[in-house]
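Data first, discussion second: the structure below is written as structure tokens.
Rule-based calculations on the coordinates, nothing more; no lab input. Note that the coordinates shown come from a computational prediction; the quantities given were computed from them, not determined experimentally. As a convention, Cβ positions derive from the backbone with ideal geometry for all residues, glycine included, and neighbour counts pool all protein chains shown.
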Amino acid sequence: MATANLSGVSQHTLPIQNTTNGEDCINLAVNFIQAKTGNPPANADHVYDFMQHIDGFPHPNSTMTDNTGGTLPTPSPRPIAENLQGWGDVSPQDLNSMHNIFNHIEEEDQRLAYDHFFRERGRAPRVQEFSEFLLTFEGQLYLENKKSQKTLNQNLQAMRQLKQMLRLLDSQNQALGERNDQYKRERDNLQSEIRNLEGTICNIQHQKEDLQLKFNSLERKHDQHLTELEDERKDKQHLQHRCEELQADRQVFKHRCEELQADRQALQNTVISQTDTITHFSQTVAHLESMTEQHSTTITAIQQQNQRQQYAILILAALLFAVVCLQFFSQGSNPLSAS
């Protein structure tokens, strides 16, 4: 069935809209709802919604005020062609074509064209002009239908695209939901790892504090050891100087021994009985020299060795002095004996 754009139809509401008394309108609405449904309105919103619906409801028959001043109802239920005037003015040649027109076009479309004709011209049409108007109207309906069909197809295509986009969006939303759930799980895992790391950091901080205390203690011990090593180094230097002094004394003693050896050789003929003793003392001196060289790195050993060397030197010096004295005494006694 053909359709037409009825946007030009003037709309008239029921007389209830023009009632000046608001209570009368409400009473009419309440009575109508109760008469129609058998029950009173549910609440005030029910009555208000009904009144809003009535206010926007169009009148089924148009009213023309410019020409007729009234409403011309569409003939019903008789066919439109039977109610038209002017059939006697139609020529026999046009009669068949008019019957074909009215038989070809549906009755509902004829009624719609009849209403449009009356709205446009403000009077009932005659058969000749209505047949021409009906053909023109049918062509307009056809063009409007084609345009509407094209628009409908475009809308359907757009709807299919929208549905496809909606399905795509649904799949994307589902994927995003799954990804969001995955991100939430990852966030929970990261938060758990962060808590574990915070605990680990706290433990490391405590360990760092303990290690700092140990490091401070070791640093104090290190400083103490450095001080002790410095003292030992000074003691070692002092002992080294002492050893050098002893070495110098030993060199002096060696020179003195050489001089004494020369004197001993000169006096060998007179002190043969003391040769073994001098040889023994020479071996003792050599032994003391080797002991001094072996224990030069040990402070206590060096001190003890130095003491032994000093004792040995003193004894040797005493013995040498005794030998010299004996030699002198012997030389002094020999002249006396000779005399």
Can you find even one residue in the stretch 107-115 that is surrounded by 13 or more Cβ atoms within 10 Å (Cβ to Cβ), in contact (Cβ under 8 Å) with a residue 40 or more places away in the chain and touching a helix residue (DSSP H, G or I) at 6+ places or on another chain (Cβ under 7 Å)?
yes
Subset tally (residues that are over 22 Å from A113 (Cβ atoms) and either touching a His at 6+ places or on another chain (Cβ under 9 Å) or not small (G, A, S) (or both)) for the stretch 140-166:
16
Here the residues within the stretch 205-242 that are in contact (Cβ under 8 Å) with a residue 60 or more places away in the chain and not charged (D, E, K, R) are L239
Pairs please, first residue from the stretch 245-270 and of a type in the set (S, T, Y), second anywhere and in a helix (DSSP H, G or I), Cβ atoms under 9 Å, 6+ apart in sequence or on different chains.
T270/Q327; T270/S330; T270/Q331; T270/N334
Surrounded by 14 or more Cβ atoms within 10 Å (Cβ to Cβ), more than 30 Å from S91 (Cα to Cα) and among the polar types (S, T, N, Q) - does that describe any residue in the stretch 144-156?
yes
Among the residues of the stretch 194-206, are any surrounded by 11 or more Cβ atoms within 10 Å (Cβ to Cβ), out of contact with any helix residue (DSSP H, G or I) (no Cβ under 7 Å at 6 or more places or on another chain) and of a type in the set (D, E, K, R)?
no
